[in-house]
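The values are calculated or read from the model by the stated rules, or taken from the named source; none is laboratory data. Please read these numbers as outputs of a predicted model, since none were measured by experiment. Note that we place each Cβ from the backbone using ideal geometry, even for glycine, and neighbour counts take in every protein chain shown.
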Amino acid sequence: MTDGDYDYLIKLLALGDSGVGKTTFLYRYTDNKFNPKFITTVGIDFREKRVVYNAQGPNGSSGKAFKVHLQLWDTAGQERFRSLTTAFFRDAMGFLLMFDLTSQQSFLNVRNWMSKWDRVMCIGLKLKKIKKKKKKELSHREINIPYFETSAATGQNVEKAVETLLDLIMKRMEQCVEKTQIPDTVNGGNSGKLDGEKPPEKKCVC
Ligand SMILES: Nc1nc2c(ncn2[C@@H]2O[C@H](COP(=O)(O)OP(=O)(O)OP(=O)(O)O)[C@@H](O)[C@H]2O)c(=O)[nH]1
């Protein structure tokens, strides 16, 4: 694919406390590598990846394949960058909200992050060695959004988490397009528009 050769540009944003593993997660996703060093993000950074999204046809059959350019925004978790990073929220189509399975505080802070927007999102998190008991304490059931336990170290569930979020966004966009299309039945199967006549405008709620 050449630079501009894609059907959709999708902007995702990773957020969560400092040190939970946002940068490492995105690096695993885009480059399939693990970085054990902790270099805190200053302000905002981004990574990119091209993927193919296979839309579903009617009755679950395979539909069209779309080329998707993913822009993955990596925000700094540190409080001092909060006003800068929140300025990027409104352009994001989906969020990867992360917490560290070994840090209860980072999990408790998920609620604070969630109160900042109302759009589609998904959780990814780093999966370190963790005792079963503690894992139970950090039960995700309190949060009614797609949830994955991921490991940037092994790559476990990393792609799956992003793919799930992408799928949600693409489905929502499809619904939007369907809503904005004028039904073919209007004026007896032929749209009946006069040349140059504008279709009635319908606003998308996405
Ligand atoms: N073992 C293990 N370590 C991880 C995992 N994910 C991240 N880490 C480590 O956790 C540390 C912090 O990761 P970062 O990705 O830099 O954290 P961040 O959320 O981007 O932090 P800020 O940029 O400060 O917001 C690094 O040392 C990573 O190597 C994981 O899945 N497993």
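What to note about this one:
- Residues that are crowded, with 17+ Cβ neighbours inside 10 Å and farther than 22 Å from Ser151 by Cβ occur in the stretch 50-59; there is at least one.
- Out of Phe38, Phe81, Phe99, Phe89, one residue alone is in contact with a Ser or Thr (Cβ under 7 Å, 6 or more places away or on another chain) and either touching a residue at least 40 places away in the same chain (Cβ under 8 Å) or within 12 Å of the ligand (Cβ to nearest atom) (or both). It is Phe99.
- Subset of the stretch 41-54 (residues that are in a loop (DSSP other than H, G, I, E, B) and either in contact with a strand residue (DSSP E or B) (Cβ under 7 Å, 6 or more places away or on another chain) or free of Cβ contacts under 8 Å to residues at least 12 places away in the same chain (or both)): Thr41
- Tally, over the stretch 8-40, of residues that are charged (D, E, K, R), more than 10 Å from Asp74 (Cα to Cα) and surrounded by 14 or more Cβ atoms within 10 Å (Cβ to Cβ): 3
- Under the condition of being near the ligand (Cβ under 9 Å from one of its atoms) and part of a strand (DSSP E or B), the residues counted in the stretch 1-22 number 2.
- Residues in the stretch 23-35 that are polar (S, T, N, Q) and either near the ligand (Cβ under 8 Å from one of its atoms) or free of Cβ contacts under 8 Å to residues at least 12 places away in the same chain (or both): 3 in all.
- Within the option set Arg82, Arg47, being basic (Lys, Arg), modelled with pLDDT of 95 or more and out of contact with any Cys (no Cβ under 6 Å at 6 or more places or on another chain) holds for one residue only, Arg47.
- Residue match in the stretch 55-73 (condition: assigned to a strand (DSSP E or B), within 19 Å of the chain's Cα centre (by Cα) and within 16 Å of the ligand (Cβ to nearest atom)): yes
- Against the test of being modelled with pLDDT of 90 or more and aliphatic (A, V, I, L, M), the options Met121, Met170, Met114 yield a single qualifying residue, Met170.
- Out of Phe107, Phe95, Phe25, sole residue that is over 18 Å from Ala153 (Cβ atoms) and assigned to a helix (DSSP H, G or I): Phe107
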